[in-house]
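Below: one structure, written as structure tokens.
The values are calculated or read from the model by the stated rules, or taken from the named source; none is laboratory data. Nothing here was measured: the structure is a model prediction, and the numbers come from that model. Note that we place each Cβ from the backbone using ideal geometry, even for glycine, and neighbour counts take in every protein chain shown. Please note that ligands, DNA and RNA were not included when accessible areas were found on the heavy atoms of the full protein model with its side chains. Shrake-Rupley method; radii C 1.70, N 1.55, O 1.52, S 1.80 Å.
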Amino acid sequence: MDEKIRKLKEMVDSSDNIVFFGGAGVSTESGIKDFRSVDGLYSQKFAYPPETMLSHTFYVQHKEEFFDFYRTKMLALDAKPNAAHLKLAQWEREGKLKAVITQNIDGLHQAAGSHEVLELHGSVLRNYCERCHAFYGVEAVAESQGIPHCKCGGAIKPDVVLYEEGLDEAVMDQALRYIRQADMLIIGGTSLVVYPAAGLVRYYRGHKLVVINKGQTGADVGADLVIDGPIGQVLSQL
């Protein structure tokens, strides 16, 4: 067993209040592309940059184009949980892991069996009517054409945080509480460049801060252990 993997296992074994903070890299091993990788959304060619098409302004002014892009690039409904999702769910069942805080919107943590999942950026699986606030599953968007509409005639909006929109303060507060109380914080699959979510890690007060990420992490968080590699591949060795 690799020395870093051995150290990670020792840290996990001696912890019973683990919090996991994850980003796009957690889902790439399930076939979902991240934004900033070589073949991610930011390196592909569209009429507008992805961050423009996923902005609140674009959604309001160009709804039909927004949904064409959203259905094509943001929905990965055939994706399955990978080893990282499954290991985190296992730790929760065992009482070791208290919460998953994720920047992802794919619902794969819940599909793997995790229950306490704080979705900072919302979820593609939840959608609502902007007029009457009726709830709709992902099928209402995925199986529609053009702009999806509610029975009342209102537009159906995905419950995801678009650029220019603020994060849910209640979810942020809950995430802060979990991180402050954690005896171990594992950061996985994120370059820590997306704020304000990335700033949450500054609230950790313990001495078991682990970063697992393929490639460099965008912030010096003073980690006690850094492992360069795919998160699923790493956690599957524990």
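Inclusion of Lys98 among residues that are open to solvent by 70 Å² or more (accessible area, probe 1.4 Å) and closer than 13 Å to Phe20 by Cα is warranted. One residue stands out among those in segment 153-198 that are among the small types (Gly, Ala, Ser) and under 15 Å from the mean Cα position of the chain (by Cα): the one that is nearest to Asn17 (Cα to Cα), which is Ala175.
Looking across segment 132-152, the residues that are farther than 20 Å from Phe58 by Cα and not in a helix (DSSP H, G or I) come down to Cys132, His133, Ala134, Phe135, Tyr136, Gly137, Val138, Glu143, Cys150, Lys151, Cys152.
Of the residues making up segment 109-121, those that are in a loop (DSSP other than H, G, I, E, B) and closer than 17 Å to Gly166 by Cβ number 2.
Across segment 136-152, which residue is least open to solvent (accessible area, probe 1.4 Å) among those that are more than 30 Å from Leu97 (Cα to Cα) and within 24 Å of the chain's Cα centre (by Cα)?
It comes out as Val141.
Of all residues in segment 1-32, those satisfying the criterion of being open to solvent by less than 10 Å² (accessible area, probe 1.4 Å) and over 23 Å from the mean Cα position of the chain (by Cα) are Ile5, Ser15. Looking at segment 70-85 only, could you name the residues that are among the charged types (D, E, K, R) and open to solvent by less than 50 Å² (accessible area, probe 1.4 Å)? The answer is Arg71, and nothing else.
Condition check ((1) out of contact with any helix residue (DSSP H, G or I) (no Cβ under 9 Å at 6 or more places or on another chain); (2) among the hydrophobic types (A, V, I, L, M, F, W, C)) across all residues:
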| site | (1), (2) |
| --- | --- |
| Glu164 | no, no |
| Asp173 | yes, no |
| Tyr203 | no, no |
| Ala223 | yes, yes |
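For segment 122-131, does any single residue satisfy the condition of being open to solvent by 50 Å² or more (accessible area, probe 1.4 Å), hydrophobic (A, V, I, L, M, F, W, C) and not in a loop (DSSP other than H, G, I, E, B)? The answer is yes; a qualifying residue exists. If you check Leu88 against the conditions, is it among the hydrophobic types (A, V, I, L, M, F, W, C) and crowded, with 20+ Cβ neighbours inside 10 Å? Yes: the conditions hold for Leu88.
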